[in-house]
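Take a look at the structure set out below.
The values are calculated or read from the model by the stated rules, or taken from the named source; none is laboratory data. Please read these numbers as outputs of a predicted model, since none were measured by experiment. Because the Cβ atoms are built from the backbone with ideal geometry, glycine has one as well, and the counts that use them run over all protein chains shown. The protein model used for the area step is the full one, side chains on, heavy atoms only, and it has no ligands, DNA or RNA in it. Shrake-Rupley method; radii C 1.70, N 1.55, O 1.52, S 1.80 Å.
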Amino acid sequence: MPPPPPPQHPKNRSRGPAATGGNGRPPRRMASRDAAERAAFFARREAAAVLRRVLRGDATRRAAGSIKSLVYSPTVRNKRATFALVCQTLKYLPILKEVLGSSGVLNSKWKRQEELVIVTAYDILFGQGTAVSGSAEQLIMTHKDTLSSALDRICAKKKVSSVEDLLGNKTPVKPKPRFLRVNTLKTTTESVVEELSKIHMVAKDDMVPDMLVLPPGTDLHSHPLVTNGKVFLQGKASCMVAVALCPKPGWKVLDACAAPGNKTVHLAALMNGQGGIIACELNKERAKTLQHTIRRSGANNIQTVNGDFLDIDSNDPSYAEVRAILLDPSCSGSGISTERLDYLLPSHSRDDQDDASTSSRVLKLSAFQKKALSHALSFPSVERVVYSTCSIHQAENEDVVNAVLPLATSLGFELATPFPQWHRRGLPVFEGSEHLLRTDPEDGLEGFFVSLFVRKAAGGDAEEPNEDVTVEARRKEPNEDVAVESRRKQARRRRSGVRAFSSLRLSRMILCSNGGFW
(Lines give C-alpha, C1' and ligand atoms only; values in the text may rest on other atoms or scores of the structure.)
Protein backbone atom coordinates (compact mmCIF):
# COMPACT_ATOMS: atom_id res chain seq x y z
CA MET A 1 0.00 0.00 0.00
CA PRO A 2 1.64 3.26 -1.08
CA PRO A 3 1.77 6.23 1.26
CA PRO A 4 -1.33 8.35 0.97
CA PRO A 5 -1.22 11.79 -0.61
CA PRO A 6 -0.65 14.76 1.67
CA PRO A 7 -3.71 15.58 3.77
CA GLN A 8 -5.86 18.15 2.06
CA HIS A 9 -6.69 21.06 4.29
CA PRO A 10 -8.59 24.19 3.32
CA LYS A 11 -6.31 27.18 2.93
CA ASN A 12 -6.60 29.10 6.16
CA ARG A 13 -6.23 32.82 6.52
CA SER A 14 -5.37 34.92 9.51
CA ARG A 15 -8.32 35.76 11.66
CA GLY A 16 -9.73 39.21 11.22
CA PRO A 17 -12.67 40.72 13.04
CA ALA A 18 -15.34 38.11 13.49
CA ALA A 19 -17.84 38.45 10.68
CA THR A 20 -21.43 37.63 11.50
CA GLY A 21 -24.54 36.90 9.57
CA GLY A 22 -27.83 38.67 9.94
CA ASN A 23 -28.75 36.60 12.99
CA GLY A 24 -25.54 37.55 14.84
CA ARG A 25 -23.96 34.12 14.31
CA PRO A 26 -20.71 33.45 12.39
CA PRO A 27 -21.40 32.53 8.79
CA ARG A 28 -21.39 28.83 7.92
CA ARG A 29 -18.13 29.13 5.97
CA MET A 30 -16.30 30.42 9.05
CA ALA A 31 -17.76 27.65 11.20
CA SER A 32 -16.60 25.11 8.61
CA ARG A 33 -13.14 26.70 8.57
CA ASP A 34 -12.92 26.54 12.36
CA ALA A 35 -13.92 22.88 12.33
CA ALA A 36 -11.23 22.12 9.75
CA GLU A 37 -8.64 23.94 11.85
CA ARG A 38 -9.62 21.96 14.94
CA ALA A 39 -9.44 18.69 12.99
CA ALA A 40 -5.98 19.60 11.67
CA PHE A 41 -4.84 20.64 15.15
CA PHE A 42 -5.73 17.26 16.68
CA ALA A 43 -4.51 15.27 13.66
CA ARG A 44 -1.04 16.81 14.06
CA ARG A 45 -0.90 15.74 17.68
CA GLU A 46 -2.08 12.23 16.96
CA ALA A 47 0.45 12.03 14.15
CA ALA A 48 3.21 13.30 16.46
CA ALA A 49 2.39 10.61 19.04
CA VAL A 50 2.54 7.88 16.39
CA LEU A 51 5.71 9.35 14.88
CA ARG A 52 7.39 9.33 18.30
CA ARG A 53 6.69 5.60 18.74
CA VAL A 54 7.74 4.83 15.17
CA LEU A 55 11.07 6.66 15.43
CA ARG A 56 11.92 5.29 18.88
CA GLY A 57 11.11 1.75 17.81
CA ASP A 58 13.16 2.18 14.65
CA ALA A 59 16.14 3.59 16.55
CA THR A 60 16.17 0.72 19.07
CA ARG A 61 14.99 -1.95 16.60
CA ARG A 62 12.23 -2.78 19.08
CA ALA A 63 9.18 -1.50 17.21
CA ALA A 64 5.85 -1.64 19.02
CA GLY A 65 4.18 -2.18 15.65
CA SER A 66 4.19 -1.13 12.03
CA ILE A 67 3.24 2.37 10.95
CA LYS A 68 -0.17 1.17 9.84
CA SER A 69 -0.88 -0.86 12.98
CA LEU A 70 0.02 2.09 15.20
CA VAL A 71 -2.16 4.50 13.22
CA TYR A 72 -5.11 2.12 13.06
CA SER A 73 -5.02 1.37 16.79
CA PRO A 74 -8.18 2.15 18.79
CA THR A 75 -6.60 5.22 20.43
CA VAL A 76 -6.28 7.15 17.15
CA ARG A 77 -9.50 8.87 16.19
CA ASN A 78 -8.77 10.63 12.89
CA LYS A 79 -7.04 7.68 11.26
CA ARG A 80 -7.04 8.85 7.65
CA ALA A 81 -5.51 12.29 8.33
CA THR A 82 -3.07 10.87 10.89
CA PHE A 83 -1.88 8.18 8.49
CA ALA A 84 -1.29 10.74 5.75
CA LEU A 85 0.59 13.09 8.08
CA VAL A 86 2.83 10.35 9.49
CA CYS A 87 3.73 8.94 6.06
CA GLN A 88 4.37 12.30 4.47
CA THR A 89 6.38 13.55 7.45
CA LEU A 90 8.58 10.43 7.29
CA LYS A 91 9.01 10.96 3.57
CA TYR A 92 10.29 14.51 4.17
CA LEU A 93 12.01 13.74 7.50
CA PRO A 94 15.68 14.21 6.43
CA ILE A 95 14.83 17.54 4.81
CA LEU A 96 12.77 18.72 7.77
CA LYS A 97 15.53 17.87 10.25
CA GLU A 98 18.13 19.67 8.18
CA VAL A 99 15.93 22.76 7.79
CA LEU A 100 15.01 22.89 11.48
CA GLY A 101 18.61 22.26 12.52
CA SER A 102 20.16 24.91 10.28
CA SER A 103 17.59 27.54 11.31
CA GLY A 104 17.97 26.94 15.05
CA VAL A 105 14.19 26.71 15.52
CA LEU A 106 14.33 23.38 17.35
CA ASN A 107 15.97 24.68 20.53
CA SER A 108 16.10 23.02 23.94
CA LYS A 109 12.68 24.36 24.88
CA TRP A 110 11.05 22.41 22.07
CA LYS A 111 13.24 19.29 22.20
CA ARG A 112 10.66 17.38 24.25
CA GLN A 113 8.05 18.07 21.58
CA GLU A 114 10.36 17.49 18.64
CA GLU A 115 7.97 15.17 16.81
CA LEU A 116 5.12 17.68 17.06
CA VAL A 117 7.36 20.45 15.72
CA ILE A 118 8.47 18.22 12.82
CA VAL A 119 4.90 17.23 11.91
CA THR A 120 3.74 20.84 12.12
CA ALA A 121 6.67 22.02 10.04
CA TYR A 122 5.80 19.51 7.33
CA ASP A 123 2.14 20.51 7.37
CA ILE A 124 2.87 24.22 7.12
CA LEU A 125 5.83 24.10 4.71
CA PHE A 126 4.57 21.36 2.39
CA GLY A 127 0.92 20.82 3.33
CA GLN A 128 -1.75 23.33 4.11
CA GLY A 129 0.57 26.35 4.28
CA THR A 130 -0.75 28.00 7.42
CA ALA A 131 -2.14 27.34 10.88
CA VAL A 132 -3.53 29.66 13.52
CA SER A 133 -3.97 27.62 16.69
CA GLY A 134 -1.49 25.87 18.95
CA SER A 135 1.91 26.84 20.31
CA ALA A 136 3.81 24.58 17.87
CA GLU A 137 1.86 26.08 15.00
CA GLN A 138 2.67 29.60 16.18
CA LEU A 139 6.36 28.67 16.44
CA ILE A 140 6.50 27.46 12.83
CA MET A 141 4.41 30.36 11.50
CA THR A 142 6.69 32.86 13.29
CA HIS A 143 9.77 31.33 11.68
CA LYS A 144 8.18 30.35 8.38
CA ASP A 145 10.26 32.80 6.33
CA THR A 146 13.46 31.65 8.05
CA LEU A 147 12.60 28.00 7.36
CA SER A 148 11.74 28.73 3.74
CA SER A 149 15.09 30.53 3.28
CA ALA A 150 16.93 27.58 4.83
CA LEU A 151 15.11 25.27 2.44
CA ASP A 152 16.15 27.41 -0.54
CA ARG A 153 19.77 27.32 0.60
CA ILE A 154 19.72 23.53 0.87
CA CYS A 155 18.30 23.24 -2.65
CA ALA A 156 20.97 25.62 -3.98
CA LYS A 157 23.74 23.77 -2.16
CA LYS A 158 22.65 20.43 -3.61
CA LYS A 159 22.03 22.01 -7.01
CA VAL A 160 18.40 20.99 -7.36
CA SER A 161 15.53 23.12 -8.54
CA SER A 162 12.78 21.80 -6.27
CA VAL A 163 12.20 20.08 -2.95
CA GLU A 164 10.94 16.98 -4.76
CA ASP A 165 14.41 16.56 -6.25
CA LEU A 166 15.80 16.27 -2.72
CA LEU A 167 13.63 13.23 -1.99
CA GLY A 168 15.28 9.88 -2.53
CA ASN A 169 13.63 7.26 -4.69
CA LYS A 170 11.34 5.19 -2.52
CA THR A 171 10.48 1.57 -3.11
CA PRO A 172 7.53 1.32 -5.50
CA VAL A 173 4.63 -0.71 -4.18
CA LYS A 174 3.04 -3.16 -6.58
CA PRO A 175 -0.72 -3.17 -5.91
CA LYS A 176 -1.94 -6.36 -4.26
CA PRO A 177 -5.49 -7.61 -3.90
CA ARG A 178 -7.24 -6.67 -0.67
CA PHE A 179 -7.69 -9.88 1.32
CA LEU A 180 -10.02 -10.14 4.26
CA ARG A 181 -11.00 -12.98 6.56
CA VAL A 182 -14.58 -13.54 7.64
CA ASN A 183 -14.85 -14.04 11.40
CA THR A 184 -17.16 -17.06 11.57
CA LEU A 185 -17.55 -16.56 15.33
CA LYS A 186 -19.82 -13.62 14.50
CA THR A 187 -21.16 -14.10 10.99
CA THR A 188 -21.07 -16.23 7.85
CA THR A 189 -19.08 -15.87 4.67
CA GLU A 190 -22.26 -15.76 2.61
CA SER A 191 -23.71 -12.82 4.53
CA VAL A 192 -20.46 -10.84 4.22
CA VAL A 193 -20.28 -11.53 0.48
CA GLU A 194 -23.87 -10.34 0.12
CA GLU A 195 -23.14 -7.13 2.04
CA LEU A 196 -19.87 -6.23 0.32
CA SER A 197 -21.08 -7.14 -3.16
CA LYS A 198 -23.35 -4.10 -3.03
CA ILE A 199 -20.35 -1.79 -3.37
CA HIS A 200 -17.34 -3.97 -4.32
CA MET A 201 -16.32 -6.85 -6.55
CA VAL A 202 -15.90 -9.81 -4.19
CA ALA A 203 -14.48 -13.27 -4.83
CA LYS A 204 -13.86 -16.24 -2.55
CA ASP A 205 -10.28 -17.44 -2.25
CA ASP A 206 -9.84 -20.91 -3.73
CA MET A 207 -7.53 -22.23 -1.01
CA VAL A 208 -8.08 -20.55 2.38
CA PRO A 209 -11.57 -21.00 3.82
CA ASP A 210 -13.57 -17.86 4.71
CA MET A 211 -11.10 -15.65 2.84
CA LEU A 212 -12.44 -13.04 0.43
CA VAL A 213 -10.55 -11.17 -2.29
CA LEU A 214 -11.33 -7.58 -3.26
CA PRO A 215 -9.68 -5.22 -5.77
CA PRO A 216 -6.36 -3.55 -4.82
CA GLY A 217 -6.72 -0.30 -2.96
CA THR A 218 -10.07 -1.16 -1.40
CA ASP A 219 -10.22 0.71 1.91
CA LEU A 220 -12.42 -0.98 4.51
CA HIS A 221 -10.79 0.25 7.72
CA SER A 222 -13.87 2.22 8.75
CA HIS A 223 -16.45 -0.23 7.36
CA PRO A 224 -18.89 -1.49 10.05
CA LEU A 225 -18.04 -5.11 9.21
CA VAL A 226 -14.44 -4.36 10.20
CA THR A 227 -15.08 -2.13 13.20
CA ASN A 228 -17.49 -4.63 14.76
CA GLY A 229 -15.16 -7.58 14.25
CA LYS A 230 -17.18 -9.53 11.69
CA VAL A 231 -14.32 -9.16 9.21
CA PHE A 232 -10.56 -8.92 9.76
CA LEU A 233 -8.25 -7.22 7.28
CA GLN A 234 -5.70 -10.01 7.20
CA GLY A 235 -3.45 -11.13 4.37
CA LYS A 236 -3.81 -14.53 2.75
CA ALA A 237 -0.29 -15.62 3.70
CA SER A 238 -0.95 -14.72 7.33
CA CYS A 239 -4.17 -16.75 7.32
CA MET A 240 -2.39 -19.80 5.92
CA VAL A 241 -0.49 -20.11 9.21
CA ALA A 242 -3.48 -20.95 11.45
CA VAL A 243 -5.04 -23.17 8.79
CA ALA A 244 -1.75 -25.12 8.57
CA LEU A 245 -1.87 -25.79 12.32
CA CYS A 246 -5.41 -27.16 11.82
CA PRO A 247 -6.47 -27.40 15.49
CA LYS A 248 -9.60 -29.42 16.19
CA PRO A 249 -12.55 -28.06 18.20
CA GLY A 250 -12.05 -28.92 21.85
CA TRP A 251 -8.24 -28.90 21.73
CA LYS A 252 -6.02 -26.90 24.02
CA VAL A 253 -3.78 -24.69 21.89
CA LEU A 254 -0.90 -22.37 22.71
CA ASP A 255 -0.12 -19.26 20.65
CA ALA A 256 3.43 -18.57 21.77
CA CYS A 257 3.99 -15.01 20.48
CA ALA A 258 0.43 -13.88 19.94
CA ALA A 259 0.19 -10.09 19.43
CA PRO A 260 -1.42 -8.41 17.61
CA GLY A 261 -3.79 -11.38 17.75
CA ASN A 262 -5.10 -11.91 14.22
CA LYS A 263 -3.77 -15.46 14.09
CA THR A 264 -4.99 -16.10 17.65
CA VAL A 265 -8.60 -15.24 16.89
CA HIS A 266 -8.33 -17.12 13.59
CA LEU A 267 -7.47 -20.23 15.62
CA ALA A 268 -10.54 -19.59 17.78
CA ALA A 269 -12.72 -19.43 14.66
CA LEU A 270 -11.23 -22.65 13.25
CA MET A 271 -12.03 -24.30 16.59
CA ASN A 272 -15.63 -23.01 16.56
CA GLY A 273 -14.92 -21.25 19.83
CA GLN A 274 -14.56 -24.66 21.52
CA GLY A 275 -11.60 -25.84 23.59
CA GLY A 276 -9.08 -23.34 24.91
CA ILE A 277 -6.33 -21.09 23.59
CA ILE A 278 -3.50 -19.68 25.68
CA ALA A 279 -2.18 -16.52 24.03
CA CYS A 280 1.25 -15.50 25.27
CA GLU A 281 2.76 -12.05 24.67
CA LEU A 282 5.81 -10.55 26.38
CA ASN A 283 5.41 -6.86 25.44
CA LYS A 284 2.86 -5.04 27.65
CA GLU A 285 1.71 -2.60 24.98
CA ARG A 286 1.35 -5.34 22.39
CA ALA A 287 -0.52 -7.43 24.98
CA LYS A 288 -3.10 -4.61 25.17
CA THR A 289 -3.47 -4.75 21.38
CA LEU A 290 -3.90 -8.53 21.64
CA GLN A 291 -6.68 -8.14 24.21
CA HIS A 292 -8.43 -5.56 22.04
CA THR A 293 -8.28 -7.92 19.04
CA ILE A 294 -9.78 -10.73 21.13
CA ARG A 295 -12.62 -8.52 22.36
CA ARG A 296 -13.38 -7.37 18.83
CA SER A 297 -13.48 -10.97 17.59
CA GLY A 298 -15.99 -12.11 20.20
CA ALA A 299 -13.87 -15.16 21.07
CA ASN A 300 -14.47 -16.33 24.63
CA ASN A 301 -12.09 -19.29 24.76
CA ILE A 302 -8.81 -17.35 24.83
CA GLN A 303 -6.71 -16.75 27.94
CA THR A 304 -3.96 -14.13 27.62
CA VAL A 305 -0.62 -14.40 29.40
CA ASN A 306 1.60 -11.31 29.57
CA GLY A 307 4.94 -13.08 29.82
CA ASP A 308 7.81 -14.75 28.01
CA PHE A 309 7.00 -18.00 26.20
CA LEU A 310 10.50 -19.25 27.00
CA ASP A 311 9.76 -18.91 30.72
CA ILE A 312 6.85 -21.37 30.53
CA ASP A 313 7.73 -24.73 32.08
CA SER A 314 6.69 -27.30 29.49
CA ASN A 315 6.21 -29.83 32.31
CA ASP A 316 3.84 -27.54 34.23
CA PRO A 317 0.52 -29.42 34.71
CA SER A 318 -1.30 -26.31 33.40
CA TYR A 319 0.17 -27.06 29.96
CA ALA A 320 -0.05 -30.86 30.11
CA GLU A 321 -2.97 -30.96 27.67
CA VAL A 322 -1.59 -28.54 25.06
CA ARG A 323 -1.91 -30.40 21.77
CA ALA A 324 -0.98 -27.72 19.24
CA ILE A 325 1.40 -24.75 19.32
CA LEU A 326 1.57 -21.84 16.91
CA LEU A 327 4.99 -20.21 17.03
CA ASP A 328 5.22 -17.00 15.00
CA PRO A 329 8.12 -15.35 16.84
CA SER A 330 9.84 -12.01 16.44
CA CYS A 331 11.54 -11.82 13.06
CA SER A 332 13.08 -9.27 10.72
CA GLY A 333 9.76 -8.67 8.96
CA SER A 334 11.64 -8.61 5.66
CA GLY A 335 8.72 -10.29 3.90
CA ILE A 336 6.30 -7.50 4.76
CA SER A 337 8.65 -4.52 4.88
CA THR A 338 6.93 -2.90 1.90
CA GLU A 339 3.45 -3.41 3.35
CA ARG A 340 4.69 -2.10 6.68
CA LEU A 341 6.06 0.99 4.88
CA ASP A 342 9.48 0.27 6.38
CA TYR A 343 11.11 1.98 3.40
CA LEU A 344 9.97 5.28 4.95
CA LEU A 345 11.97 4.65 8.13
CA PRO A 346 15.38 6.24 8.76
CA SER A 347 16.97 2.82 9.31
CA HIS A 348 16.02 1.71 5.81
CA SER A 349 18.43 4.16 4.23
CA ARG A 350 21.19 3.13 6.67
CA ASP A 351 20.89 -0.59 6.06
CA ASP A 352 22.63 -2.34 3.22
CA GLN A 353 19.69 -4.37 1.98
CA ASP A 354 21.91 -6.77 0.05
CA ASP A 355 23.62 -7.82 3.29
CA ALA A 356 20.50 -7.77 5.46
CA SER A 357 20.18 -11.56 5.46
CA THR A 358 23.53 -11.93 7.24
CA SER A 359 23.30 -8.88 9.50
CA SER A 360 23.99 -9.27 13.21
CA ARG A 361 20.34 -8.54 13.93
CA VAL A 362 19.10 -11.37 11.71
CA LEU A 363 21.65 -13.78 13.21
CA LYS A 364 20.52 -12.87 16.73
CA LEU A 365 16.89 -13.34 15.72
CA SER A 366 17.75 -16.72 14.22
CA ALA A 367 19.36 -17.86 17.46
CA PHE A 368 16.27 -16.82 19.42
CA GLN A 369 13.98 -18.54 16.90
CA LYS A 370 15.87 -21.83 17.22
CA LYS A 371 15.60 -21.61 20.98
CA ALA A 372 11.86 -20.89 20.83
CA LEU A 373 11.15 -23.71 18.37
CA SER A 374 13.13 -26.18 20.48
CA HIS A 375 11.07 -25.12 23.48
CA ALA A 376 7.78 -25.55 21.61
CA LEU A 377 8.68 -29.10 20.63
CA SER A 378 9.43 -30.00 24.27
CA PHE A 379 5.79 -29.82 25.43
CA PRO A 380 4.93 -33.46 26.21
CA SER A 381 1.41 -33.69 24.76
CA VAL A 382 1.85 -31.46 21.73
CA GLU A 383 1.00 -33.15 18.45
CA ARG A 384 1.29 -30.29 15.97
CA VAL A 385 3.66 -27.31 15.92
CA VAL A 386 3.68 -24.61 13.27
CA TYR A 387 6.75 -22.41 13.02
CA SER A 388 6.20 -19.39 10.79
CA THR A 389 7.79 -16.03 10.03
CA CYS A 390 7.11 -13.03 7.84
CA SER A 391 10.75 -13.09 6.72
CA ILE A 392 12.34 -13.96 3.40
CA HIS A 393 15.77 -14.75 4.90
CA GLN A 394 17.01 -18.33 4.87
CA ALA A 395 18.69 -17.74 8.25
CA GLU A 396 15.29 -17.25 9.87
CA ASN A 397 13.49 -19.97 7.95
CA GLU A 398 15.12 -23.08 6.50
CA ASP A 399 18.21 -22.75 8.71
CA VAL A 400 16.08 -22.65 11.87
CA VAL A 401 14.11 -25.74 10.88
CA ASN A 402 17.23 -27.64 9.81
CA ALA A 403 19.01 -26.84 13.07
CA VAL A 404 16.13 -28.12 15.20
CA LEU A 405 15.29 -31.22 13.12
CA PRO A 406 17.55 -33.61 15.13
CA LEU A 407 15.78 -32.59 18.34
CA ALA A 408 12.38 -32.86 16.65
CA THR A 409 13.17 -36.34 15.38
CA SER A 410 14.32 -37.48 18.81
CA LEU A 411 10.97 -36.35 20.23
CA GLY A 412 8.97 -38.20 17.57
CA PHE A 413 8.21 -35.34 15.18
CA GLU A 414 8.56 -35.16 11.44
CA LEU A 415 7.91 -32.45 8.88
CA ALA A 416 4.47 -32.51 7.26
CA THR A 417 3.38 -30.65 4.13
CA PRO A 418 0.89 -27.83 4.68
CA PHE A 419 -1.10 -26.85 1.57
CA PRO A 420 0.49 -29.46 -0.71
CA GLN A 421 -1.23 -27.82 -3.70
CA TRP A 422 0.78 -24.62 -3.17
CA HIS A 423 3.55 -24.30 -5.75
CA ARG A 424 6.27 -22.44 -3.81
CA ARG A 425 8.14 -24.64 -1.30
CA GLY A 426 11.22 -24.20 0.89
CA LEU A 427 14.68 -23.47 -0.46
CA PRO A 428 16.42 -26.76 -1.35
CA VAL A 429 19.13 -26.47 1.29
CA PHE A 430 18.48 -29.75 3.13
CA GLU A 431 16.68 -33.02 2.54
CA GLY A 432 13.00 -32.57 3.37
CA SER A 433 12.82 -28.84 2.61
CA GLU A 434 10.12 -29.60 0.04
CA HIS A 435 7.72 -29.91 3.00
CA LEU A 436 8.22 -26.24 3.85
CA LEU A 437 6.07 -23.46 2.40
CA ARG A 438 7.01 -20.00 1.19
CA THR A 439 4.94 -17.15 -0.22
CA ASP A 440 6.39 -14.27 -2.19
CA PRO A 441 5.37 -10.87 -3.53
CA GLU A 442 5.54 -12.47 -6.98
CA ASP A 443 2.46 -14.43 -5.89
CA GLY A 444 0.65 -11.19 -5.03
CA LEU A 445 1.16 -11.97 -1.33
CA GLU A 446 3.46 -10.99 1.49
CA GLY A 447 6.69 -12.92 2.01
CA PHE A 448 5.85 -15.63 4.58
CA PHE A 449 7.38 -18.94 5.65
CA VAL A 450 5.43 -21.84 7.17
CA SER A 451 6.68 -25.16 8.53
CA LEU A 452 4.61 -27.87 10.21
CA PHE A 453 5.94 -30.44 12.68
CA VAL A 454 3.63 -33.40 13.40
CA ARG A 455 4.31 -36.01 16.06
CA LYS A 456 4.22 -39.59 14.85
CA ALA A 457 1.53 -41.87 16.24
CA ALA A 458 2.42 -45.03 18.12
CA GLY A 459 2.31 -47.03 14.88
CA GLY A 460 4.96 -44.84 13.32
CA ASP A 461 2.80 -42.68 11.04
CA ALA A 462 2.53 -38.95 11.56
CA GLU A 463 -0.71 -37.81 13.13
CA GLU A 464 -1.64 -35.83 10.02
CA PRO A 465 -5.31 -35.30 9.14
CA ASN A 466 -6.50 -36.33 5.71
CA GLU A 467 -5.66 -33.51 3.32
CA ASP A 468 -9.01 -34.07 1.59
CA VAL A 469 -10.85 -33.11 4.76
CA THR A 470 -11.33 -29.36 4.50
CA VAL A 471 -11.65 -26.99 7.39
CA GLU A 472 -15.25 -26.39 6.33
CA ALA A 473 -16.07 -30.07 6.74
CA ARG A 474 -14.24 -30.37 10.03
CA ARG A 475 -16.35 -27.58 11.48
CA LYS A 476 -19.34 -29.89 11.20
CA GLU A 477 -17.70 -32.80 13.01
CA PRO A 478 -18.73 -33.46 16.61
CA ASN A 479 -16.03 -33.35 19.25
CA GLU A 480 -13.86 -36.43 18.91
CA ASP A 481 -14.09 -39.13 21.56
CA VAL A 482 -10.43 -39.11 22.57
CA ALA A 483 -8.76 -41.75 24.69
CA VAL A 484 -7.72 -39.15 27.24
CA GLU A 485 -6.13 -41.51 29.71
CA SER A 486 -4.02 -43.15 27.01
CA ARG A 487 -2.79 -39.76 25.82
CA ARG A 488 -1.93 -38.76 29.38
CA LYS A 489 0.13 -41.93 29.84
CA GLN A 490 2.03 -41.14 26.65
CA ALA A 491 2.61 -37.60 27.89
CA ARG A 492 3.96 -38.87 31.19
CA ARG A 493 6.38 -41.15 29.36
CA ARG A 494 7.52 -38.22 27.21
CA ARG A 495 7.95 -36.01 30.27
CA SER A 496 10.13 -38.62 31.94
CA GLY A 497 12.37 -38.62 28.87
CA VAL A 498 12.55 -34.85 28.59
CA ARG A 499 12.80 -34.00 32.29
CA ALA A 500 16.47 -34.97 32.35
CA PHE A 501 17.19 -31.88 30.33
CA SER A 502 15.59 -28.49 30.67
CA SER A 503 14.27 -27.05 27.41
CA LEU A 504 17.07 -24.48 27.57
CA ARG A 505 19.75 -27.19 27.72
CA LEU A 506 18.06 -29.05 24.89
CA SER A 507 18.11 -25.87 22.83
CA ARG A 508 21.76 -25.26 23.56
CA MET A 509 22.62 -28.84 22.74
CA ILE A 510 21.03 -28.72 19.31
CA LEU A 511 22.25 -25.20 18.53
CA CYS A 512 25.83 -26.05 19.40
CA SER A 513 25.73 -29.24 17.36
CA ASN A 514 24.62 -27.20 14.33
CA GLY A 515 26.97 -24.27 14.66
CA GLY A 516 24.58 -22.06 16.63
CA PHE A 517 25.29 -18.72 18.21
CA TRP A 518 26.17 -19.61 21.78
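Okay, here's what the table says:
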quantity: Fraction of alpha-carbon pairs over 17 Å apart in region 32-166 - percent; calculated: 59
quantity: Solvent-accessible surface ranking, highest first, for S391, S197 at 1.4 angstrom; calculated: S197, S391
quantity: Number of Lys pairs (Cα under 17 Å; 8 or more positions apart or on different chains) in region 32-166; calculated: 7
quantity: Residue-normalised accessible area of region 32-166, expressed per residue, 1.4 Å probe, Å²; calculated: 48
quantity: Gain upon complete extension [K158, K456; 0.36 nm per residue less C-alpha separation]; calculated: 100.7 nm
quantity: Region 32-166, accessible surface, carbon-and-sulfur percent (1.4 angstrom probe); calculated: 50
quantity: Accessible area (Å², per residue) of region 171-233, counting only protein heavy atoms and a probe of 1.4 Å; calculated: 51
quantity: Residue order for E414, E46 - accessible surface, 1.4 angstrom probe, largest first; calculated: E414, E46
quantity: Relative contact order (percent, whole number), region 402-459, Cα cutoff 8 Å, 6+ residue spacing; calculated: 36
quantity: FRET efficiency, Q421 to L167 (Cβ-Cβ, R0 51 Å, nearest 0.05); calculated: 0.70
quantity: Largest to smallest accessible area among D123, D328 [probe 1.4 Å]; calculated: D328, D123
quantity: Quotient of Cα Rg and 2.2 N^0.38 Å for region 171-233, N being how many residues it contains; calculated: 1.10
quantity: Heavy-atom accessible surface of region 171-233: percent carbon and sulfur, 1.4 Å; calculated: 56
quantity: Under the Karplus curve 6.51 cos²θ - 1.76 cosθ + 1.60, θ = phi - 60°, whole-Hz ³J(HN,Hα) for region 420-428, x wherever Gly or Pro sits; calculated: x, 6, 6, 7, 9, 10, x, 5, x
quantity: Dipole magnitude (debye, nearest 20) for region 171-233, charges at Cβ of Lys, Arg, Asp, Glu; calculated: 200
quantity: Dipole of region 32-166, positive end: most advanced residue of L85, A49, A36 [Cβ charges, Cα centre]; calculated: A49
quantity: Selection from V208, P175, G229 lying farthest towards where the dipole of region 171-233 points positive, charges on Cβ; calculated: P175
quantity: Amide H contacts of I336 (H built 1.01 Å from N, under 5 Å, at least 5 apart or other chain); calculated: G447
quantity: At R0 = 51 Å, FRET efficiency that the Cβ-Cβ distance of Q303 and T146 yields, to 0.05; calculated: 0.35
